[in-house]
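What follows is a single structure, written as structure tokens, with notes after it.
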Number of protein chains: 2
Amino acid sequence: MERLIFVTNDDGVSARGLARLIEVLREFGNIVVVAPETAQSGMSHAITMSSPLYLRKVREEPGLEVYACSGTPVDCVKMGLDHLLADRKMDLVCSGINHGSNAAINVLYSGTMGAAIEGGFYDVPSIGFSLDDHSLDADFEAAGIVARQVVAGVLEGRPAVPLCLNVNIPVARPEDIKGVKVCRQCRGHWREEFFCRRNPWGRDYFWLTGAFKNAEPEATDTDEWALAHGYASVVPIQVDLTDHAQLAPLGAILDR
Amino acid sequence: MERLIFVTNDDGVSARGLARLIEVLREFGNIVVVAPETAQSGMSHAITMSSPLYLRKVREEPGLEVYACSGTPVDCVKMGLDHLLADRKMDLVCSGINHGSNAAINVLYSGTMGAAIEGGFYDVPSIGFSLDDHSLDADFEAAGIVARQVVAGVLEGRPAVPLCLNVNIPVARPEDIKGVKVCRQCRGHWREEFFCRRNPWGRDYFWLTGAFKNAEPEATDTDEWALAHGYASVVPIQVDLTDHAQLAPLGAILDR
């Protein structure tokens, strides 16, 4: 029986990275896409609570159905897997290919990874793909080749579920990518700079910009290191945010 | 010197839970609030990337300044700590009190906890408070008492930073709350049900509703257990999403 693969992204249903991912995945099975109508970068794990969702069929051909949803990337996953395909057995969930890296702490802000993490709640492998290039005309050739290799590895290697992978691909020609490296999330966070402008009616507004501060630039087992050294990084993701090491000392302070 | 406490929430600048939290915190120091203009429930760790942000002073009196920001809860934290207060030393960040529980996997979807987690990136203790009651007329009396107790414990006990706490308070009269319990995030996730309606122009739309499936209802060391048994739960939060146990087996499949 043909495999069934669910696909979404956060750059919206017409993004080039999504088109490239669909192209790659079609050789592995039938594809159902539910992607956001509009760009949803930075939407993290957001869901739509105060307004309803619309779903629109964009395209249908043998082996491929594409829908656009008015909500967030996570809404798309829920709409796809709990509504549209609620009765069908899924083999894989993929999200991307994102325009821009989601390595290190970016996994928290990323709509691409929000969707991939949500996909991991459905007992099938879930993979988010991101290319370390924000530009609209980014070259997705190498990213497509890496995606193909990781998907083949997961489908053949059958790692244990729950499984969610954060895959990031450096900007390079395919022949210059050194390989695929399983690694851990790099520590660090963003510090922001706000650019102030004045609108035509005299009111100030601010653009959020910033820079990532790598807290462990020397470590060689992180996703940031892998990307900086020409490797595609693969970080397995889990969602227990408990800081287990702090349970005992905090208990001594707060339990009563 | 007087302490400086930064406060935000996700229900918006005029929410009753925020008013209660401000009231509690004023006895501990001076307060600066940057809260969203509008309700931002379910916004998770989202940031605003494609539009600019507006900031508006809502109120100023000795010991208290309140601003409203047009963005998400995480935007409010960044705007507050990297712009408005960039030169001042902070002692504590608090978010809430949310209308609705953020225990278990809800920590991922929560704007309240998105803001608290972001606050934890600034080298001061950060605490998110949520009351297990979504109603607009929820009774925040017990939640305020618990918040006071946890804040006092953190300020006096000086646990190690980085520190981010996810505090959830059950619905009860103050005298019926059994205590405060440091515990871990309960495993489980949501399964959704979509309610379909038709708009006046004949197009279907969907409301996202669902139910949390507790994957370990018997475990007695989780936040869900604590809440169900009359305790306020306190989960220490960390942001390394790496599933360290999967690194080796995945490396064997994918590294090349």
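Observations, loosely collected:
- For segment A:1-26, a residue qualifies if it is under 19 Å from A:Ser126 (Cβ atoms) and of a type in the set (Asp, Glu), and the qualifying residues are A:Asp10, A:Asp11.
- Whichever residue in segment A:1-25 is in a loop (DSSP other than H, G, I, E, B) and surrounded by fewer than 20 Cβ atoms within 10 Å (Cβ to Cβ) and, among such residues, is farthest from the chain's Cα centre (by Cα): A:Met1
- Subset of segment A:146-158 that is touching a helix residue (DSSP H, G or I) at 6+ places or on another chain (Cβ under 6 Å) and at the interface with chain B (Cβ under 8 Å from one of its Cβ atoms) - its residue that is surrounded by the fewest Cβ atoms within 10 Å (Cβ to Cβ): A:Gly157
- Single condition A:Val7 does not satisfy, out of (1) over 18 Å from B:Gly42 (Cα atoms); (2) within 14 Å of chain B (Cβ to nearest Cβ); (3) in contact with a Cys (Cβ under 6 Å, 6 or more places away or on another chain): (2)
- Taking the criterion of being within 27 Å of B:Gly230 (Cα to Cα), of a type in the set (D, E, K, R) and either in contact (Cβ under 8 Å) with a residue 40 or more places away in the chain or more than 7 Å from chain A (Cβ to nearest Cβ) (or both), the residues of segment B:179-209 that qualify are B:Lys181, B:Arg184, B:Arg187.
- The lone exception for A:Ser101 - which of (1) surrounded by fewer than 21 Cβ atoms within 10 Å (Cβ to Cβ); (2) touching a residue at least 40 places away in the same chain (Cβ under 8 Å) it fails: (1)
- Matching residues in segment B:26-44 - criterion: being of a type in the set (S, T, N, Q) and in a loop (DSSP other than H, G, I, E, B): B:Thr38, B:Gln40, B:Ser41, B:Ser44
- If you go through segment B:53-82 and keep only what is without any contact (Cβ under 8 Å) to a residue 12 or more places away in the chain and within 11 Å of chain A (Cβ to nearest Cβ), you end up with just B:Asp82.
- On the stretch given as segment B:205-220, residues that are of a type in the set (Asp, Glu) and surrounded by 14 or more Cβ atoms within 10 Å (Cβ to Cβ) total 1.
- The residues of segment B:100-113 that are under 9 Å from the mean Cα position of the chain (by Cα) and more than 7 Å from every other protein chain (Cβ to nearest Cβ), listed by number, are B:Asn102, B:Ser110, B:Gly111, B:Thr112, B:Met113.
- Every listed requirement among (1) more than 14 Å from A:Ala103 (Cα to Cα); (2) in contact with a helix residue (DSSP H, G or I) (Cβ under 8 Å, 6 or more places away or on another chain); (3) at the interface with chain B (Cβ under 7 Å from one of its Cβ atoms); (4) not polar (S, T, N, Q) is met by A:Ala219 save one, (3).
- Given (1) in a loop (DSSP other than H, G, I, E, B); (2) away from every other protein chain (no Cβ under 13 Å), index of the condition A:Thr48 fails: (2)
- Pairing each residue of segment A:20-37 that is in contact (Cβ under 8 Å) with a residue 12 or more places away in the chain with any residue that is of a type in the set (Asp, Glu) and in a loop (DSSP other than H, G, I, E, B), provided the two are 6+ apart or on different chains, yields C-beta distances under 7 Å for A:Gly29/A:Glu2; A:Gly29/A:Asp91; A:Asn30/A:Glu2; A:Pro36/A:Asp10.
- Pick from segment B:114-145, criterion buried (at least 19 other Cβ atoms within 10 Å of the Cβ) and among the charged types (D, E, K, R), ranking: farthest from B:Asn166 (Cα to Cα): B:Asp133
- Note on segment A:227-256: among residues that are facing chain B (nearest Cβ under 7 Å), of a type outside the set (S, T, N, Q) and in a loop (DSSP other than H, G, I, E, B), the one that is surrounded by the fewest Cβ atoms within 10 Å (Cβ to Cβ) is A:Arg256.
- Failed condition for B:Ile47, given (1) crowded, with 17+ Cβ neighbours inside 10 Å; (2) of a type in the set (Val, Ile, Thr); (3) over 18 Å from B:Gly128 (Cβ atoms): (3)
- Flag if B:Pro162 is touching a residue at least 40 places away in the same chain (Cβ under 8 Å), over 23 Å from B:Arg26 (Cβ atoms) and within 11 Å of chain A (Cβ to nearest Cβ): yes
- Count of segment A:88-98 residues, restricted to those that are in contact with a Gly (Cβ under 7 Å, 6 or more places away or on another chain) and either among the hydroxyl-bearing types (Ser, Thr, Tyr) or buried (at least 24 other Cβ atoms within 10 Å of the Cβ) (or both), is 5.
- Check on B:Met79, assigned to a helix (DSSP H, G or I) and out of contact with any helix residue (DSSP H, G or I) (no Cβ under 8 Å at 6 or more places or on another chain): yes
- Selection from segment B:16-45 of residues that are of a type in the set (A, V, I, L, M, F, W, C) and within 9 Å of chain A (Cβ to nearest Cβ): B:Ala39, B:Met43
Coordinate-derived values only; no laboratory data. Here the structure is a predicted model, which is why all the values come from computation and not from measurement. Don't worry about glycine lacking a Cβ; one is built from the backbone with ideal geometry, like all the others, and counts go over all protein chains shown.
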